[in-house]
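The values are calculated or read from the model by the stated rules, or taken from the named source; none is laboratory data. Remember, predicted model here, so these are calculated numbers, not experimental data. Counting neighbours? That spans all protein chains shown, and the Cβs are built from the backbone with ideal geometry, glycine included. Ligands, DNA and RNA are excluded from the accessible area calculation, which covers all protein heavy atoms including side chains. Shrake-Rupley method; radii C 1.70, N 1.55, O 1.52, S 1.80 Å.
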Amino acid sequence: MSKLSGSSSDAKQSDAVKYQGRKASRAGSEQRRRIILEAALRIVVREGVRGIRHRAVAKEADVPLAATTYYFKDIEELINDTFTFYAEQSLEVVNQFSTRLFEPAVGESGQDFTNLFTNSEAMAEVIADKMTLYVIEQVTDHRDALVAEQAFRYEAILSPRLRSLGRVHKETLMEKLIEILGFVKSPSPLADANIIISILHRLEYECLLIEPENIDTSDIRNTLLRQLSLILNSR
């Protein structure tokens, strides 16, 4: 993995958002539980969080109604675990991105990515390229996940329980970003992480509002490059 491999934040991520429903005791029951959560997440993408109902989820998952009520005693548990299921997948995407960010980038000169740390401008260019690719992949390959995130974010305004889960999820994402920024010698990793995650969320939201073929990749890159240059040149 990257130079971040094995860090304490990886361990924290696995405990960041907890499942609340009944635990599966066998492989077959675990598979059914996952099918139910996948179905609930599809409903969130189509209808929002408030579309989650035991009967609707059972129909979407093609399982008996008793199966959803067996694993989740009430709608709150089902929503909690659907968000947790989403959070696990989104954190895996972030982990994959951080791994790719620190993979050696060997160009025509044979220069390794780690040698760019003495050159703020070159480092900003490399990170901006990789972050731009991340945004594009999010709004194309993981578009449904982003739609679900927007739905959960809105519902968190109304639901104290989901608000708490959302806060923990954001803190987990922040830990990874703070670690990355510390690695590239940001003078204020926490403040810079807050700025970058806000920019990424805005870019993703704006891209969801337009057709994928109309996304302006250069505009995304220029926005990220501008902020990264400010961060890295202030070291």
Subject >> Other-chain or far-sequence residues with amide H under 5 Å of GLN20's (modelled H) >> reply: ASP81
Subject >> Cα-based Rg / Dmax (Å) for region 152-215 >> reply: 14.4, 38
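Distance check, please: which entries in LYS23/LYS170; LYS18/LYS73; LYS73/LYS176; LYS18/LYS185; LYS130/LYS176; LYS59/LYS170 exceed 27 angstrom between their Cα atoms?
On the way: LYS23/LYS170 25 Å; LYS18/LYS73 16 Å; LYS73/LYS176 34 Å; LYS18/LYS185 32 Å; LYS130/LYS176 16 Å; LYS59/LYS170 32 Å.
Violating the 27 Å limit, Cα to Cα: LYS73/LYS176; LYS18/LYS185; LYS59/LYS170.
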Original post:
Accessible area, 1.4 Å probe, largest first: how do TYR86, TYR70, TYR19 sort?
Top reply: TYR70, TYR19, TYR86
**OP:** For region 166-179, just list the computed ³J(HN,Hα) in residue order, Karplus coefficients 6.51, -1.76 and 1.60, θ = phi - 60°, integers in Hz, with x standing in for Gly and Pro.
**Re:** x, 5, 5, 4, 5, 4, 5, 4, 5, 4, 5, 5, 4, 5
**OP:** With θ set to phi - 60°, apply the Karplus curve 6.51 cos²θ - 1.76 cosθ + 1.60 along region 215-223 and write out the HN-Hα couplings as whole Hz, x wherever there is a Gly or Pro.
**Re:** 5, 8, 4, 5, 5, 4, 5, 4, 5
Original post:
Using only the Cα atoms, what convex hull volume per residue in Å³ does region 113-235 have?
Top reply: 101 Å³
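Quick one: which of 186-193, 153-160 comes out on top by average Cβ neighbours within 10 Å, and what's the full order, highest first?
Working: 186-193: 16.8, 153-160: 14.5.
Output ranking for 186-193, 153-160: 186-193, 153-160.
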**OP:** Sort all Cα-Cα distances of region 125-184 into consecutive 10 angstrom bins from zero, then give the percent of pairs in each bin up to the one containing the longest distance.
**Re:** 20, 37, 35, 8, 0
Subject >> In Hz, Karplus ³J(HN,Hα) per residue of region 156-162 (6.51, -1.76, 1.60; θ = phi - 60°; x = Gly, Pro) >> reply: 5, 5, 9, 10, x, 5, 5
**OP:** Pop out the carbon and sulfur fraction of the accessible area of region 124-216 as a percent, whole number, probe 1.4 Å.
**Re:** 57 percent
